[in-house]
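Since the structure comes first, as structure tokens, the remarks are kept for the end.
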Amino acid sequence: MKKLNIQRLLVLCTIISLGLAALLLSLPSAQPVSASGSVSAAQMNRNGTNPAKPMTSRLIDHFNDTQAVDQNGAGTTFSAVGPALGMLGGSRYVTVTAITGSSGQHLTADFNNPVDLGNFSSDASVTGFITVTYDGTSGPNLSPSGLGGVDLTNGNTNFGYMLSMLSSNNEFSLTMNVWSSATSCSSYSITGPGGISAYIPTTNSPAIGLYLPFNAFTLKPGCSTTATMSNVGAIQFVLTYYMGNVTDIIVHELSAVSVDLGDVTDSFNTTMAGNFAPGPGHVITDRVNGPHLGAVVDTEPDGQPNTAATGDDINNIATFPESVAYPSGDEDGIHRAGSDPWTVGATGGAVTVTVSGGPACLSAWIDWGLNGSFTNSGDERIINNLQVNTGDTLVTFNVPAGFNSTNFYNARFRLYPMDLATGGGYDCHSIKYPYSNTTPAGFNPIIGGEVEDYRYSWQPAAVQLSNMTAQSSDMPVLPVAAGTLALVGVIGAVVVVRRRK
């Protein structure tokens, strides 16, 4: 009997050890950090995508085909350009309508002057609107099916339209109209910001993107059903001007784009609800050379909030059509470092930041106050416009009094392109983005970069075994666990599993 009991114990311990080993192997490990910051092929495969994939954005107009339309005083002027390769459908027609304005007062649309820009301007006494239409014809009558059913979602990887801007001195109204047929059309209007004058590294590359999510469009008056963004027959944008303002608007590109957003709970303004704001959006413009955190960037139609900050991971929302479901998502650029747990003090916290396509600028916030906000105290911005280069950078930061490693802390990291420096070159100290853009939420999406959200804790993870049995030829079936197994002191061993994100 004593021999049988020992035999049973040995079999039981062996099975438990094998079960624990399987569980440990199945747990996601911390991302490897190499001295060079390089990304291995294995890491790319685990993330389910290769960062050197082509862009998914669909160009509507780069404004590099010359055209000038000017209305002097009240009235309407029409002009068309095409065929041309730089725009959707190969043609663009523009209508400029001044409702008020005396002779000598102008409302103007001027394209490719200077190069690759659309310049819209009005004098102070003018009210009116500028309508720019793409339907594959030379106008002036709209052809609601003229584009032949273009898929602007690009296989459900684009989630909205973006009009990228270089400058705007006053507020204005922007309306987008989309047709799938004569009876199927949608519309969405926003107020464009004033006081904008911002650039990022490449020539004529804007820092402001007016983003209009597909899911925000509603039925356009006069139509019976809404348009389908994967079956677009015509698209149009309308800029409305108000009397009393000399308004100049310079735009660089109109595209259907994908956007990266956050996934902590929505008390941190994670979604884009309410006039496309205030979600922390990053328009994905260049996945080959553009700056981003870690190896991959995923995209989503809106923020994916949940309590574990894993919303865009578990939903397997991916940037590229070729990608497959991957368990770790895009949260692969920030790795907890330093002491474990962090300690109170000026350099008590640390992370290793992995950047691809750098250099770039980094800002980050942690909700030390545990009140569901990143903005309620001055010390919650832990990193402020810090330049980080391609590869790995160890960054330390202040951990305030009151930190307790048994709590759960939400964090947000935003990487964005560098700006033109005052004395030439580029840096992170001359950032000309409107302040609202580089806050934890941001009002308009930043063009380029990435946002990654995390929920930090230092508590041991639970180890669970379910419905496990052991059987020997000379002993009965032994039930090992029917729920949670707490294993402490088996053969003098204690197993504690921690996961660091």
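Of all residues in the stretch 153-181, those satisfying the criterion of being buried (at least 23 other Cβ atoms within 10 Å of the Cβ) and modelled with pLDDT of 95 or more are Val178, Trp179, Ser180.
If you go through the stretch 392-406 one residue at a time, do you hit one that is at pLDDT below 70, surrounded by fewer than 14 Cβ atoms within 10 Å (Cβ to Cβ), more than 20 Å from the chain's Cα centre (by Cα) and at negative phi? Taking every residue of the stretch 392-406 in turn, none turns out to be at pLDDT below 70, surrounded by fewer than 14 Cβ atoms within 10 Å (Cβ to Cβ), more than 20 Å from the chain's Cα centre (by Cα) and at negative phi.
Once the stretch 223-235 is narrowed to residues that are within 25 Å of the chain's Cα centre (by Cα) and part of a strand (DSSP E or B), the residue that is surrounded by the fewest Cβ atoms within 10 Å (Cβ to Cβ) is Ile235.
Would you confirm whether any residue within the stretch 108-125 is surrounded by fewer than 21 Cβ atoms within 10 Å (Cβ to Cβ), in contact with a helix residue (DSSP H, G or I) (Cβ under 6 Å, 6 or more places away or on another chain) and assigned by TED's automatic domain parsing to the domain that holds Leu212? Checking the stretch 108-125: not a single residue is surrounded by fewer than 21 Cβ atoms within 10 Å (Cβ to Cβ), in contact with a helix residue (DSSP H, G or I) (Cβ under 6 Å, 6 or more places away or on another chain) and assigned by TED's automatic domain parsing to the domain that holds Leu212.
From the list Tyr134, Tyr93, Tyr188, the one residue that fits, being out of contact with any Gly (no Cβ under 7 Å at 6 or more places or on another chain) and buried (at least 19 other Cβ atoms within 10 Å of the Cβ), is Tyr188. If you take the residues of the stretch 191-222 that are among the hydrophobic types (A, V, I, L, M, F, W, C), buried (at least 16 other Cβ atoms within 10 Å of the Cβ) and within 23 Å of Asn156 (Cβ to Cβ), which of them is modelled with the highest pLDDT? Checking each candidate, the answer is Phe217. Could you tell me whether the stretch 357-373 includes any residue that is of a type in the set (A, V, I, L, M), over 21 Å from Ile284 (Cα atoms), within 22 Å of the chain's Cα centre (by Cα) and modelled with pLDDT of 75 or more? There is at least one residue in the stretch 357-373 that is of a type in the set (A, V, I, L, M), over 21 Å from Ile284 (Cα atoms), within 22 Å of the chain's Cα centre (by Cα) and modelled with pLDDT of 75 or more.
Picking from residues in the stretch 415-437 that are farther than 21 Å from Thr375 by Cα and not in a loop (DSSP other than H, G, I, E, B), the one that is modelled with the highest pLDDT is Asp427. Ser377 fulfils the conditions (1) at pLDDT below 70; (2) under 26 Å from Pro213 (Cα atoms) except for a single criterion, (2).
Using the structure shown, decide if Asn385 is touching a His at 6+ places or on another chain (Cβ under 7 Å) and either modelled with pLDDT under 95 or not small (Gly, Ala, Ser) (or both). For Asn385, the condition - touching a His at 6+ places or on another chain (Cβ under 7 Å) and either modelled with pLDDT under 95 or not small (Gly, Ala, Ser) (or both) - is met. One residue stands out in the stretch 110-140 among those that are over 20 Å from Ala234 (Cα atoms) and aliphatic (A, V, I, L, M): the one that is nearest to the chain's Cα centre (by Cα), namely Leu117.
The values are calculated or read from the model by the stated rules, or taken from the named source; none is laboratory data. Keep in mind that what you see is a predicted model, and the values were worked out from it rather than measured. Cβ coordinates were reconstructed from backbone atoms using ideal geometry, including for glycine residues, and neighbour counts include every protein chain displayed.
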